[in-house]
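> One structure, as structure tokens, below. Some questions next.
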Amino acid sequence: MPQSAAVISGIQKMVLYETRARYFLVGSNQAQTKHRVLKIDRTEPKDLVIIDDKHVYNQQEVRELLGRLDLGNRTKIAQKGSSGFSRAVSAFGIVGFVRFLEGYYIVFITKRRKMADIGGHSIYKIEDTSMIYIPNDSVRVAHPDEARYVRIFQNVDLSSNFYFSYSYDLSHSLQYNLALLQRPYDLWSSEASSAEEEVHTRSKQNSFDIFEDEGLPTQVVFGLRNEPYYKYVWNGRLLERVKDIVHHDWLMYIIHGFCGQSKLLIYGRPVHITLIARRSSKFAGTRFLKRGANCEGDVANEVETEQIVHDASVMSFTAGSYSSYVQVRGSVPLYWSQDISTMMPKPPIRLDQADPYAHVAALHFDQMLQRFGSPIIILNLVKKREKRKHEKILSEELFPAVINLNQFLPPDHCIDYIAWDMARYTKSKLCNVLDRLSMIAENVVKRTGFFINRSEFYCHTLRPDERWGDLGGHITTSGRIQTGVLRTNCVDCLDRTNTAQFMVGKCALAYQLYALGMIDKPKLQFDTDCVRLFEELYEDHGDTLSLQYGGSQLVHRVKTYRKIAPWTQHSKDIMQTLSRYYSNAFSDADRQDAINLFLQVYQPSESKPHLWELPTDFYLHQKSTMALPQERRSYTLWWSEGMLSSLPVAYDEVPCEENMKKIKVKRVNRFDETTDLYTEFFKPYELSSFDDTFCVAMTNSAREFMPKTVGVDPSPFTVRKPEETGKSVLGSKSNKEETLLQRKTAASAPPPPSEEAISSTSEDDSEEDREDDGSVSQRSTPIKLLTESGESSRMQEEIQQQQTVKEPYGLNLAKLPAEKDLLIYESFAHLGENQHKVERTEHIKLENIICLEPVSFFPEDSIYVVSPPQVDRDSRDVFESHVMAAVTSLAFIALLPLLRDSVPSRPPPPPHVHLPLRAEHRPMLHTTPALGVCPMRGKHNKIKGFT
């Protein structure tokens, strides 16, 4: 069966050209060998008119087309005295098209930054965007409220935590994406559309196949393009207007949440740990304004977090080792809210609607069973005991709802409910919160399992672990898959939830590393480089999600629950609490309006009241309030049709006919650009610098967490004291540029001499000064001491003129060595001088030791030839005597066969007669390469076996 590969988007760069009547958008692939053109009409004041000819141009054809457009517009517009053809903007993708009360706008991605790499698929973060109005000024119909809508729309900062990829589907998990590549598509490939077959035929004519000329069969690959999971897509509504008009290469879907990647070095073997968080675009909003669930089962603050671990030494999805684990957070799936009009830090919780049959919870868990399979495990962390009922209201409603739904499910697929008052447990001095969480995490991971795309290693048979045999999930021929998911919630789903998810992720990480053959038992301990790196990733993940939903960073972190947080952390917690309260009280309403407008939950119209005039957005997110439902779902059979037959495997991952309709399959050549990930990742047509590559700049466990002292165990699984870690050294650096410089330094850098020396030289220098000063080698010091005194003083003056720079090695090159160190060095220098035949009264000269002659025509080159040494007469005589001895022995060996034939043979002695010889009469044995061992002194005997 032919292999399958994801289709790489054919449009990764684009340029917008502007004329008076039209916009021409020219898009190209990464290598700029294939181009497509969109024509956007600017004469329509309120409609969007886009023409896509679906033709693929080469570079020469695009130049000719743009030249004709430039010439034609110059001729027509020159009569009116206006400007002609011009270049408006360069971009990397289209976010979408949006309209308020006037004409349409187009939103471009103008800056991007690489954040992660998964199997050669690059994940980018949006750094900057540009919003361009399409209609011409001559046809524009101005509206007084248009500018206000534009400001509200731009309140959604697209440069903060929005991500996209040209070849990897970020809306689905790694397990789903790799499951697509393993399906049999030979039965489904015949359903490819005629348009795609035509494009494939045309591209095949323009491509070169190395197997066709040799008479060998062409290597075919199935190119797959999957429909995204729109729940986690944030620009789906913005692209809905043009989705059926333009080629799919123009469509690029973005997600919102978090993406971070770090490198774990295990004795030099790179293992990448990636954390991806997908925030749901359904019922999205801010903390107090979005609580509970809507009528469709979508909950507030729903985030799917996936941790991916893979061996970075092999890049391919088919040949590499990849593992992932998914968990979910989300608000309690009930109709509840909090009244923020009272201006209280904790507004009272109220239940908005009665739901005796758990209808909204059934819709929510139906979505989860369809996407993740069974079992669904709920970890409820809200308080159980309170003086005044607050959080307990939610537990009292959620638990009966789960009991009601479970009575209709098969016993093997029931929803598990774990209620644990984490806040009360934290206040107890006798209890350890994280120990209790680790026990819960162990049980959860054993039940759900995790995903890995390869079978077990032989080391698991050699060193079996009893916990490995009890692991759940579904075992396949190519590995194992995760079935079910953990759903964690507290009231806000921020601080307590993030710590609980970290403990579950830490437990799953141990199993993932064990499955990849990296550790001998599925257990990780705190205060190791591996766990510190993972904890830093999860804290960044928690801070980002907390800022998006709550308006501040995390208040309680993992160190807080470990009770090892420094005393300064308490003041930071107070500031974060005040920041969260201020954001919730004064800025959340504006942010909620911006989210509603960006997601097109509210679409402006002259016949409707304005967005800022609405008393509430409740009716925008509750569709059942605007129209009666056509059909009512069953209260007993509350799951979707056909879902139970696939459990415990998720229905979305089963290759049924309904799911296969979401996939577009295209037969292409193996070396076609649309599936050639090697060319896409390595870019052989570009000049690359290793220092600028993402894998060098990413967080490294050996560089940033391993101690900088000699003789320590370099294993990232060794428990270290907090003062021994490299992070304490890096913590003294407050400048981001210095941190960037640290990341560009090799992981094998020598240790710094002391922390005092580091803190004394930590100054704020620019990045350019650091790079210039960093080019000075440490070998400049001994070379300076070997030169003349005048030259030495001149080099000292040059070094003093340079700015002070703190090298990653812990040395300050502008500072002279100590006098004691100079005396030690001079003594070694004198010892080195005595090794050569040079008069002690003379200064050492390199010309007396070795002569280097340049053989290159380029003076900057460093290729030299060494002149032959001078040999005296006595040495030459000894060498000639050795050569003559060798010649004589060769001549004797050549005459030896003649001597053997001339000597008569003598019969051997009887076998029972032994004639021992004295030591002085024994013949001397001599070894020759031709005859083996034979007596060379005494009489010449013919040896048996050599005739």
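The values are calculated or read from the model by the stated rules, or taken from the named source; none is laboratory data. No experiment lies behind these values; they were computed from the predicted model shown. A quick note on method: Cβ atoms are made from the backbone with ideal geometry, for glycine too, and the neighbour counts reach across all protein chains shown. In case anyone asks, the SASA skips ligands and DNA or RNA and just uses the protein heavy atoms, side chains included. Shrake-Rupley method; radii C 1.70, N 1.55, O 1.52, S 1.80 Å.
> Please find, among Phe288, Phe317, the residue that is more than 22 Å from Gln603 (Cα to Cα), open to solvent by 10 Å² or more (accessible area, probe 1.4 Å) and touching a Leu at 6+ places or on another chain (Cβ under 7 Å). I'd like the intermediate steps shown before the answer.
Details: Phe288 fails: touching a Leu at 6+ places or on another chain (Cβ under 7 Å).
Every option except Phe317 fails the conditions.
> Take the range 512-561 and flag every residue that is among the β-branched types (Val, Ile, Thr) and under 27 Å from Ala594 (Cβ atoms). Walk me through it before giving the result.
So in the range 512-561, the residues among the β-branched types (Val, Ile, Thr) come out as 519, 528, 531, 544, 555, 558, 560.
The answer is Thr544, Val555.
> Same structure, new question: List every residue pair whose Cβ atoms lie under 7 Å apart, where the two residues are 6 or more positions apart in sequence or sit on different chains, the first residue falls within the range 860-883 and is assigned to a loop (DSSP other than H, G, I, E, B), and the second residue, located anywhere, is at pLDDT below 85 and among the polar types (S, T, N, Q).
Here the result reads Ile863/Ser856, each pair linking the range 860-883 to a residue that is at pLDDT below 85 and among the polar types (S, T, N, Q).
> Starting from the range 4-29, take each residue that is closer than 23 Å to Arg74 by Cβ and outside any strand (DSSP E or B) and list its partners that are modelled with pLDDT of 90 or more and open to solvent by 20 Å² or more (accessible area, probe 1.4 Å), counting only C-beta distances under 7 angstrom and pairs at least six apart or across chains.
The qualifying pairs are Arg20/Asn136; Ala21/Thr43.
> On to the next question. Give just the number: which of (1) open to solvent by less than 10 Å² (accessible area, probe 1.4 Å); (2) within 30 Å of Asn659 (Cα to Cα) does Leu381 not satisfy?
Only one criterion in (1) open to solvent by less than 10 Å² (accessible area, probe 1.4 Å); (2) within 30 Å of Asn659 (Cα to Cα) is unmet by Leu381, namely (2).
> To continue, here is another question. If I ask for residues that are under 20 Å from Val150 (Cβ atoms) and open to solvent by 10 Å² or more (accessible area, probe 1.4 Å), which ones from the range 102-129 would you list? Reasoning before the result, please.
Step one: of the range 102-129, the residues under 20 Å from Val150 (Cβ atoms) are 102-110, 126, 128-129.
Within the range 102-129, Tyr104, Tyr105, Thr110, Asp128, Thr129 qualify.
> Let me ask another. Please enumerate the residues belonging to the range 384-394 that are buried (at least 18 other Cβ atoms within 10 Å of the Cβ) and either within 39 Å of the chain's Cα centre (by Cα) or outside any helix (DSSP H, G or I) (or both).
Selection gives Glu391, Leu394.
> Could you check the range 606-622 and list, in sequence order, the residues that are among the hydroxyl-bearing types (Ser, Thr, Tyr) and either touching a residue at least 60 places away in the same chain (Cβ under 8 Å) or touching a helix residue (DSSP H, G or I) at 6+ places or on another chain (Cβ under 6 Å) (or both)? I'd like the intermediate steps shown before the answer.
Taking the range 606-622 as the starting set, the residues that turn out to be among the hydroxyl-bearing types (Ser, Thr, Tyr) are 607, 616, 619.
Listed by number, the list holds a single entry, Tyr619.
> If you don't mind, another one. For Ser331, state whether it is assigned by the TED database to the domain that holds Pro356, of a type in the set (Ser, Thr, Tyr) and surrounded by fewer than 21 Cβ atoms within 10 Å (Cβ to Cβ). If you could, list the steps in order and put the result at the bottom.
Numbers: assigned by the TED database to the domain that holds Pro356: yes; of a type in the set (Ser, Thr, Tyr): yes; surrounded by fewer than 21 Cβ atoms within 10 Å (Cβ to Cβ): no.
When the stated conditions are applied, Ser331 does not pass them.
> So which residues in the range 482-499 are of a type in the set (A, V, I, L, M) and at pLDDT 95 or above, if there are any at all?
Val485, Leu486, listed by residue number.
> Looking only at residues that are open to solvent by 20 Å² or more (accessible area, probe 1.4 Å) and out of contact with any Gly (no Cβ under 9 Å at 6 or more places or on another chain) in the range 25-45, which one is nearest to Ile245 (Cα to Cα)?
Checked the range 25-45; the qualifying residue nearest to Ile245 (Cα to Cα) is Lys39.
> Filter the range 410-440 down to the residues that are at pLDDT below 95, within 25 Å of Phe365 (Cβ to Cβ) and charged (D, E, K, R) and list them by number.
Asp412, Asp421
> While we're looking at this one, here's another question. Which of the numbered conditions does Leu48 fail, given that it passes all the others? Conditions: (1) surrounded by fewer than 20 Cβ atoms within 10 Å (Cβ to Cβ); (2) within 30 Å of the chain's Cα centre (by Cα); (3) at pLDDT 90 or above.
(2)
> Arg557 - would you say it is farther than 30 Å from Pro464 by Cα, open to solvent by 30 Å² or more (accessible area, probe 1.4 Å) and in contact with a Leu (Cβ under 6 Å, 6 or more places away or on another chain)? It would help to see each step written out before you state the result.
Working: farther than 30 Å from Pro464 by Cα: yes; open to solvent by 30 Å² or more (accessible area, probe 1.4 Å): yes; in contact with a Leu (Cβ under 6 Å, 6 or more places away or on another chain): no.
So Arg557 fails the test.
> Select from the range 231-248 the residues that are assigned to a helix (DSSP H, G or I) and farther than 19 Å from Tyr166 by Cβ and list them in ascending order. Break it down into steps so the answer makes sense when it comes.
We begin by selecting, within the range 231-248, every residue assigned to a helix (DSSP H, G or I); these are 231-232, 236-239, 248.
Listed by number, the residues that qualify are Lys231, Arg237.
> Can I ask one more? All but one of (1) outside the structural domain of Gln482 (by the TED database); (2) touching a Leu at 6+ places or on another chain (Cβ under 7 Å) hold for Phe671, so report the exception by its number.
(2)
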